[in-house]
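> Attaching a single structure in structure tokens format; questions to follow.
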Amino acid sequence: MDATEFTTDDFHPIDIVEHLAEHHEWDFDRIADDQIAMIIDGAWANYALSLAWHPHDETLRMICTFDMDPPADRLPMLYETLNATNDKNWSGAFSLWREQKMMVYRYGLNLAGGATASLLQIEDIVASAVVACERFYPAFQLVCWGDCEPAEAMTVAMEEAYGRA
């Protein structure tokens, strides 16, 4: 999508996300004026993304989730892997929502002072979430079900790759 085709000055951040979802033909549901949910297919999993605008603190919040129900005896190893993962990932953070049986990647874009989000910023937030999930998914799986130690599993988390194989 050409960024010059779309200006964001008069658009609500969720309107921009909806436009992006339509452009990429992602399944989405506009839950409310301030929230949208969508599904993006990855190589390892289907990622459920939700973006919500919070006007009281002027933050666009994004969560990206995928199913994760690790065996209880592997939780200490998974938590060690989560710490290592978050050390390598600067734009957002992972956590395990144990009750919901989901791995969660979270990010917040602060737009204080009336700033507006650009289409490119929002596209980058969404792409970064999916890339991070794709990058670390194998490490989480190896630690939980492959009987790998966290350091060994983290070697599988590829450095940023360019292009497609």
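The values are calculated or read from the model by the stated rules, or taken from the named source; none is laboratory data. This structure is a prediction, so every number in the text was calculated from the model and none was measured. Note that we place each Cβ from the backbone using ideal geometry, even for glycine, and neighbour counts take in every protein chain shown. Quick note on the areas: whole protein, heavy atoms, side chains included, nothing else; ligands and nucleic acids left out. Shrake-Rupley method; radii C 1.70, N 1.55, O 1.52, S 1.80 Å.
> Does anyone have the angle between helix 75-88 and the longest principal axis of the chain? Alpha-carbon axes, 0 to 90°, nearest 10?
50 degrees
> Per residue and in Å³, how big is the convex hull formed by the alpha-carbon atoms of the chain? Walk me through the intermediate numbers first.
Details: hull volume 21.1 nm³, N = 165.
Each residue corresponds to 128 Å³ of Cα convex hull volume.
> Moving on. E152: accessible area at probe 1.4 Å, nearest 10 Å²?
Around 100 Å² of this residue is reachable by solvent.
> A further question on this structure: Towards the positive end of the charge dipole of the chain, with charges on Cβ (+1 Lys, Arg; -1 Asp, Glu), say which of F140, H23, A112 has the farthest Cα.
Value: F140.
> Hey, what do the phi angles of the stretch 50-65 turn into as Karplus ³J(HN,Hα) couplings, whole Hz, using 6.51/-1.76/1.60 and θ = phi - 60°, x for Gly and Pro?
10, 10, 9, 9, 10, x, 5, 10, 6, 10, 8, 9, 10, 10, 10, 10
> Can you tell me which of P70, P138, P55 moves the most in a GNM of the chain? Springs connect C-alpha atoms under 10 Å apart.
Highest fluctuation of the listed residues: P55.
> Moving to a separate point now. For T81, T116, write out the residues from largest to smallest accessible area, computed with a 1.4 angstrom probe and no ligands counted. Numbers along the way, then the final one.
Details: T81 0, T116 65 Å².
Of T81, T116, the descending order of accessible area is T116, T81.
> Another question, then. Which length gain, in nm to one decimal place, applies between Q35 and A93 when the Cα-Cα distance is subtracted from 0.36 nm times their residue separation?
Roughly 18.8 nm would be gained on extension.
> Can you give the longest run of the chain that contains no chymotrypsin sites (Phe, Trp or Tyr not before Pro) sitting in a DSSP loop with at most 11 other Cβ atoms inside 10 Å? Don't skip to the answer; put the middle values down first.
Details: sites that count: W90, Y162.
In the chain, the maximal stretch lacking such sites is 1-89.
> What does the convex hull of the Cα atoms come to per residue for the stretch 23-91, in Å³? Walk me through the numbers before you get to the answer.
Working: hull volume 10.8 nm³, N = 69.
Each residue corresponds to 156 Å³ of Cα convex hull volume.
> Now for a separate question. In degrees from 0 to 90, rounded to the nearest 10, what is the angle of the helix 119-145 Cα long axis to the longest principal axis of the chain?
Once rounded, the angle reads 10 degrees.
> At 4 °C and a viscosity of 1.567 mPa s, what translational diffusion coefficient does Stokes-Einstein give for the stretch 57-111, taking Rh as the Kirkwood radius over Cα pairs? Give it in µm²/s as a whole number.
106 µm²/s
> So if a site counts as exposed when it's one of the trypsin sites (Lys or Arg not before Pro), its DSSP state isn't H, G, I, E or B, and it has at most 13 other Cβ atoms within 10 Å, what's the longest stretch of the chain without one?
Maximal segment without exposed cleavage sites: 1-97.
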